[in-house]
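Here is the structure we will look at, set down as structure tokens.
The values are calculated or read from the model by the stated rules, or taken from the named source; none is laboratory data. Computed from a prediction, not measured in an experiment: that's the story for all the values here.
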Amino acid sequence: MLRLLHWLVDDEKGEAVVEYALLAGFVALVTAPALLALQAVMRSTYISWNKAMSDCWKMPAPGEGGGC
């Protein structure tokens, strides 16, 4: 039993796995809010671009000049 305990204490193979798991968790925690913020920016950019482009296709009133 004492040999098993020494083997478990001296074994360092699991340390790398734990470190990689912690690193992956940290990356996920940082990436998720960044992607949500990027989604909001992209949505507002698309909406403003779409509005500007749809306004280009409207027929201007007489005497107001051309579209875009």
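Screening Asp55 with (1) modelled with pLDDT of 75 or more; (2) part of a helix (DSSP H, G or I) gives one miss only, at (1). Just a yes or no: is a residue in segment 8-19 at pLDDT 95 or above, in a helix (DSSP H, G or I) and of a type in the set (D, E, K, R)? No, segment 8-19 has no match at all.
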